[in-house]
1. Report the FRET efficiency, 1/(1 + (r/R0)^6), for Ile23 and Ala297, where r is their Cβ-Cβ distance and R0 is 25 Å, rounded to 0.05.
2. Considering only protein heavy atoms and a probe of 1.4 Å, how much of the accessible area of the chain is carbon and sulfur, as a whole percent?
3. From the cross-link list Lys63/Lys231; Lys8/Lys135; Lys59/Lys231, which pairs have alpha carbons spaced over 24 Å apart?
4. Starting from the Cα of Asp203, step 7 Å along the direction of its Cβ; do the same at Leu150; then give the gap between the two resulting points in nm.
5. Please list Cys108, Cys220 in order of solvent-accessible area, largest first, computed with a 1.4 Å probe with all protein chains present.
6. How do Trp129, Trp83, Trp226 stack up against each other in accessible area, from largest to smallest, with a 1.4 angstrom probe?
7. At a probe size of 1.4 Å, how large is the accessible area of Glu132, to the nearest 10 Å²?
8. Heavy atoms of the protein only, probe of 1.4 Å, neighbouring chains included. What is the accessible area of Arg96 in Å², nearest 10?
Amino acid sequence: MNWAPRVKPIKIRRLYRYARLGIYDDTLLHDVGWELYARCIDIATVADVYRGGPVPCPKCSTKVVRRIDPLFSKGEGGTHEHWFHCSHCTRRLLWRDCRQALRDTPRCFDCRAVLYKEVVLRCACGKTWSQEAYKQSLRTRVLLPCPHCLDLVRRPDPPPVGRTTNNQRSNSELQCPKCQGVALHQNGNIECTVCDYKRRWRDYRKSLKKKDEKLECPSCRYTFRWQAWRKSVRSLRTGNPRPAREFVKKWLRCRTPQQRMIQIDTLLQTLHGRGPLAPLFIDSGEHKIRQMLDDLAAQR
């Protein structure tokens with residue numbers, strides 16, 4: 001599982017040193033830009049796996065669907081059965097999307113204006129929040145602005161137990177962990193139709209998290225382990241893949257050295273503002289990366 005390496009800080013410093021002199025080194029721009037691009041692709045890919053489920057095959061990148069659906073987070077309304085529509089713009093939403101939009105761009109809960117980031121989060125209407133108070137409020141509020149139209153939407157009620165949707169797998173595809181026969185999810189339990197195996201559904205889900213699932217690519221027949229894949233992406237996991245996605249989208253549109261430099265600079269400015277993200281892209285310690293980004297910002 002070969003993931004793109006992080007970019008060396010010395011290349012970034014050299015690139016900015018030349019840029020201050022009005023020199024655009026095409027070779028250096030190419031190296032730094034495409035290394036960041038490859039890293040952003042991997043970060044976005046990993047984020048898609050933890051959000052949607054299919055795992056890319058390490059050999060041919062074909063999407064492999066996992067058999068263990070219950071693993072994916074339901075804490076913030078992240079699974080398919082939690083889709084709902086905004087009553088104002090009719091866009092389809094997940095509740096966690098409403099939360100993530102406010103983490104990316106903090107807004108006032110009353111007037112929905114963008115907050116000023118100072119020592120505290122401050123709104124033009126006079127309201128202020130500390131960083132921790134704002135995060136806590138995000139976790140507990142039942143009314144949040146829609147990421148698209150900014151009108152308030154209410155957190156949907158969780159679906160009743162046993163409800164199925166078009167996006168859910170049917171219960172008949174569950175496999176009994178004892179005899180490998182067909183099992184059903186009913187009455188809060190998983191019940192086998194062959195050997196009478198029965199277990200609480202919550203306990204069954206917890207046991208799946210520890211199971212080292214074997215995955216097989218339908219195209220090249222390559223087999224790999226879920227836990228091995230999961231371990232290999234530890235340095236790529238983030239709850240905020242948006243900067244990586246935006247760089248991927250905009251980098252391919254660059255045609256001149258100046259445009260490439262602007263996109264690299266935009267990404268690094270974003271990483272500077274979101275400190276914990278930077279070590280995912282740059283190969284150094286967190287303190288050294290912060291110092292380098294501070295130096296580049298001061299010299300700009």
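The values are calculated or read from the model by the stated rules, or taken from the named source; none is laboratory data. The shown structure was predicted, so the numbers you read here are calculated from the model rather than taken from an experiment. Every residue, glycine among them, receives a Cβ derived from its backbone with ideal geometry; neighbour counts consider all protein chains shown. Heads up: the accessible areas ignore ligands, DNA and RNA and are worked out on the full protein's heavy atoms, side chains in. Shrake-Rupley method; radii C 1.70, N 1.55, O 1.52, S 1.80 Å.
1. The pair Ile23/Ala297 has a calculated efficiency of 0.80.
2. Heavy-atom surface of the chain belonging to carbon and sulfur, 1.4 Å probe: 48 percent.
3. Where the Cα-Cα span goes over 24 Å, the pairs concerned are Lys8/Lys135.
4. Distance between the two pseudo-spin positions: 5.1 nm.
5. Cys220, Cys108
6. Trp83, Trp129, Trp226
7. In the full protein context, Glu132 sits at about 110 Å².
8. Near enough 40 Å² of accessible area.
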